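Shown below is the structure under consideration.
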Amino acid sequence: MAKKSTETLVGVFVLLGIIALAFLALKAANLASFSAAKQYEVRARFDNIGGLKKNAPVRSAGVSVGQVTSITLDKNTFQGLVIMKINEGVQFPADSSAKILTAGLLGDQYVGIEPGADDKNLKNGDLIKQTQSAVVLENLIGQLIFNKAADAGSGGAAAPAADAASTGSKK
Amino acid sequence: MIELVNALGQATLRAVTSLGHGAFFFVDLLRFLPGSLRRFGLVVAQIYMIGYRSLTLILAAGLAVGCVLALQMYYALVPFGAVESLGLVVNLSLVRELGPVVTALLFAGRAGTALTAEIGLMKAGEQLSAMELMAVDPRGRVLAPRFLAGIFSMPILAILYSAVGILGAWFIAVQLIGVDPASFWSSMQGKVDVFRDVGNGIVKAGVFGVICTGIALYQGYETQATPEGVAYATTRTVVYSSLAVLATDFILTAMMFSTS
């Protein structure tokens with residue numbers, strides 16, 4: 001009898017381990033996303049993908065509907081070719097547009113899909129034509145500095161002629 | 001001066017000899033493993049002693065560490081507005097590092113010492129010699145089932161430790177502090193890979209199981225057959241196991257997670 005109860009308790013021990021492993025794999029890791037429902041594939045070309053990574057989420061209205069499966073450089077157009085899988089249950093009009101967005105100021109980048117108004121839906125292997133690249137902070141800062149410099153330059157050139165005019169143009 | 005050099009030489013020789021001795025012991029033990037699989041009842045009894053009886057300690061430690069980790073990480077993440085990655089931080093630290101390492105340290109203290117003391121006392125009571133007289137190799141009959149049970153129990157304990165830790169973190173973060181439960185879980189599901197993170201954590205735990213159980217058995221088997229000798233051997237089990245686990249952990253981490 002003592003032997004039996006030892007074996008039962010070891011069984012309980014192993015069972016607990018299996019339950020914990022299932023919990024870790026399904027609830028606290030990405031195993032559930034492998035066995036997810038059927039998905040279809042769409043492509044999109046971006047001028048600049050920024051920091052987008054493989055497995056980044058694809059969202060529409062903030063709701064996760066799929067993920068990025070591959071990112072390559074299109075050799076002909078020199079654009080980033082992003083292939084993503086979208087859950088079968090979610091259908092988008094064929095003229096939907098894709099944007100690369102950032103979750104919060106320092107968050108990860110994801111693909112946001114904005115639905116269009118076409119009657120037909122995107123099919124497996126379709127290309128999303130309207131895209132908007134990631135916002136690159138360096139370019140923004142560069143643009144800001146360039147604008148400031150242009151302002152200052154025009155102001156400097158106008159200064160000898162009439163100081164009042166340049167201040168007037170700034171207003 | 002010459003005595004100093006002499007002492008250095010002696011110490012080096014002793015270290016190398018005991019290392020070689022340990023390696024031979026380990027290889028012998030591996031040779032006996034298939035045989036002990038055939039007497040699985042012995043292994044099951046040892047899993048009960050080593051694994052099941054360690055549950056309380058491991059679960060309590062996992063719960064406590066998970067709760068504390070959640071609390072501390074919450075305070076650290078709030079200024080950055082990054083509370084939604086709380087679950088991810090807790091999960092990765094538990095699954096990758098704390099789970100296997102802390103479990104191994106506790107395991108060395110809870111089960112390793114028990115193994116060393118048990119086998120040391122068997123040796124002191126000349127039970128091992130008695131077995132040899134009956135043409136039963138104690139390494140096959142006594143050591144191998146314990147070794148196997150240790151290797152088997154360690155990963156299970158580490159998984160339970162991580163799982164309970166995450167549940168503890170969930171309780172503190174979601175139930176008490178009020179972190180959004182959806183982002184708590186989805187940050188994990190998005191970033192934690194089953195094979196790279198959870199799988200490597202389990203591999204680590206298995207390696208630590210081999211190290212801890214192997215050292216404990218070796219210390220017990222090679223102990224001086226006196227009460228004092230057993231006491232020393234028990235101490236050495238904890239010290240050597242802990243140091244070996246920490247050193248191995250660093251190497252394994254560098255190998256497993258270098259390219260993320």
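Read-outs throughout are calculated quantities, based only on the coordinates presented, and are distinct from any laboratory measurement. Note that the coordinates shown come from a computational prediction; the quantities given were computed from them, not determined experimentally. Note that each Cβ is placed from the backbone with ideal geometry, even for glycine, and that neighbours are counted across all protein chains shown.
Report the local net charge at residue B:199: Lys and Arg +1, Asp and Glu -1, summed over other residues whose C-beta lies under 13 Å from its C-beta.
Working: positive: B:96, B:196, B:204; negative: B:193, B:197.
So the environment of residue B:199 carries a net charge of +1.
Something else about it: Summing Lys, Arg as +1 and Asp, Glu as -1, what charge do residues with Cβ under 13 Å from the Cβ of residue B:144 carry, residue B:144 excluded?
Details: positive: B:31, B:38, B:39, B:139, B:141, B:146; negative: B:28, B:137.
Here the charged neighbours net out to +4.
Helix B:113-124: angle to the longest alpha-carbon principal axis of chain B, degrees 0 to 90, nearest 10?
Orientation of helix B:113-124: about 10 degrees from the principal axis.
Can you give the angle from 0 to 90° between the axis of helix B:227-256 and the longest principal axis of chain B, with both taken from C-alpha atoms, to the nearest 10?
Its long axis makes an angle of about 50 degrees.
Give me the net charge of residue A:88's neighbourhood, meaning all other residues with Cβ under 12 Å from the Cβ of residue A:88; Lys, Arg count +1, Asp, Glu -1. The partial results should precede the final answer.
Details: positive: A:38, A:85, A:123; negative: A:41.
Net charge around residue A:88: +2.
5 Å is the cut-off here: which amide hydrogens, built 1.01 Å from N in the peptide plane, fall below it relative to residue A:97, excluding neighbours closer than 5 in sequence?
A:114, A:116
Further question on the same structure: Multiplying the sequence separation of residue B:134 and residue B:80 by 0.36 nm and subtracting their Cα-Cα distance, what value in nm do you get? Before the final figure, lay out each step's value.
Working: separation 54, 0.36 × 54 = 19.44 nm, distance 6.92 nm.
That pair, residue B:134 and residue B:80, stretches by 12.5 nm at full extension.
Right, something else. Rounded to the nearest 500 deg cm²/dmol, what is the calculated helix-only ellipticity per residue at 222 nm for chain B, with -39500 (n - 2.57) per DSSP H run of length n ≥ 4?
So the calculated ellipticity at 222 nm is -25500 deg cm²/dmol.
Moving on to the next point. Would you mind checking the pairs A:53/A:120; A:75/A:129; A:54/A:99; A:38/A:123 and listing those with alpha carbons more than 21 angstrom apart?
Working: A:53/A:120 29 Å; A:75/A:129 17 Å; A:54/A:99 16 Å; A:38/A:123 13 Å.
Over 21 Å apart, Cα to Cα: A:53/A:120.
Let me ask something else. Binning at 10 Å from 0, report for chain B what percent of all alpha-carbon pair distances ends up in each bin.
7, 26, 29, 19, 12, 6, 1, 0
Take every Cα-Cα distance within region B:1-75, group them into 5 Å bins from 0 onward, and report for each bin the whole-number percent of pairs it holds.
3, 12, 8, 10, 9, 10, 11, 11, 11, 9, 5, 1
Just the C-alpha atoms of region A:41-138: what Rg/Rh do they give, with Rh taken as the Kirkwood radius? All intermediate terms of the calculation are to be shown ahead of the outcome.
Values: Rg = 12.5 Å, Rh = 13.3 Å.
Here Rg/Rh amounts to 0.94.
With axes computed from alpha carbons, what is the tilt in degrees of helix B:181-191 against the longest principal axis of chain B, rounded to the nearest 10 within 0 to 90?
60 degrees
Along the charge dipole of the protein assembly as shown, pointing to its positive end and built from +1/-1 on Cβ of Lys, Arg, Asp and Glu, which listed residue (B:232, A:135, B:75) has its Cα farthest out?
B:232
Please report the antiparallel percentage of DSSP beta bridges with both residues in the protein assembly as shown, rounded to the nearest 5. Walk me through the intermediate numbers first.
Working: 26 of 34 bridges.
Antiparallel: roughly 75 percent of the beta bridges in the protein assembly as shown.
I need the P(r) histogram for the protein assembly as shown: all alpha carbon pairs, bin width 20 Å from 0 out to the longest distance, whole percents.
20, 38, 26, 12, 3, 0
With +1 on each Lys and Arg Cβ and -1 on each Asp and Glu Cβ, how big is the dipole of region B:83-195 about its Cα centre, in debye rounded to the nearest 20? Intermediate results must be reported in sequence, preceding the final value.
Working: 7 positive and 8 negative charges, 36 e Å.
My answer is approximately 180 debye.
Can you give me the long-range amide H partners of residue A:92? Hydrogens built in the peptide plane at 1.01 Å from N, cutoff under 5 Å, separation of 5 or more residues or another chain.
A:122
Here is a follow-up. What residues have an amide H closer than 5 Å to that of residue A:67, excluding those fewer than 5 places away on the same chain, when H is modeled at 1.01 Å from N in the peptide plane?
So residue A:67 has HN proximity to A:58, A:85.
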